[in-house]
1. For every other residue with a beta carbon closer than 14 angstrom to the beta carbon of GLY40, add +1 if it is Lys or Arg and -1 if Asp or Glu, then tell me the sum.
2. If the chain between ASP81 and SER44 were fully stretched, how many nm would it gain, using 0.36 nm times the residue separation less the Cα-Cα distance?
3. Students sometimes get this wrong: rank GLU32, GLU72, GLU78 by accessible area, probe 1.4 Å, all chains present, largest first.
4. Subtracting the Cα-Cα distance from 0.36 nm times the residue separation, let me have the gained length for ALA71 to LYS24 in nm, one decimal.
5. Mind listing the long-range amide H neighbours of ALA62? Cut-off is under 5 Å, sequence gap 5 or more, other chains count too, H placed in the peptide plane at 1.01 Å from N.
Amino acid sequence: GGKGGCWGDAPPQVQLPSTRLYMKGLPLGINEDQLREIIGAYGSMTSCKVLPTPSGGAPDAACIVQMNTPAEAQWIVENLDGNIPQGLTAPLSIKYKQDTPADMAAAQMGMMGSVASQQPQGGGDRGNMPSDNI
């Protein structure tokens, strides 16, 4: 028995630890090599990307880091969020990177596009609207 509801026993995906982390509070001008050195002391990263700072002049830099395993990512969230990692002078804000609906839609469109291109038997003419009918 239980209060499973329509999802059964599986938790919603949002709660599952991810290997992708969003970090902010980094010093402006940090590069990916420096980031690898700092975060690499706490776990193995498979990739990282320093995000461009907004033109309004953000006080700090942000990045997206991909850790090797969900366990490493979880350790970093639990132990470094709100703390100052070795080599930095300010605390970091670290959370799991959730794909936004726009990211998911883009990924889905990409997948649908590639699937559609592999199926020559189309039938797509039925739903086309004239482009000047706005």
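1. Overall, the nearby charge balance is -3.
2. Values: separation 37, 0.36 × 37 = 13.32 nm, distance 1.71 nm.
Once the chain is fully extended between ASP81 and SER44, it gains 11.6 nm.
3. Values: GLU32 75, GLU72 45, GLU78 125 Å².
These residues rank, largest area first, as GLU78, GLU32, GLU72.
4. 14.9 nm
5. Residues meeting the criterion, in which the H sits 1.01 Å from N, are LEU51.
The values are calculated or read from the model by the stated rules, or taken from the named source; none is laboratory data. All values reported here derive from a predicted model rather than from experimental measurement. Positions of Cβ are backbone-derived with ideal geometry, glycine not excepted, and every protein chain shown enters the neighbour counts. SASA here: full protein model, heavy atoms, side chains in, ligands and nucleic acids out. Shrake-Rupley method; radii C 1.70, N 1.55, O 1.52, S 1.80 Å.
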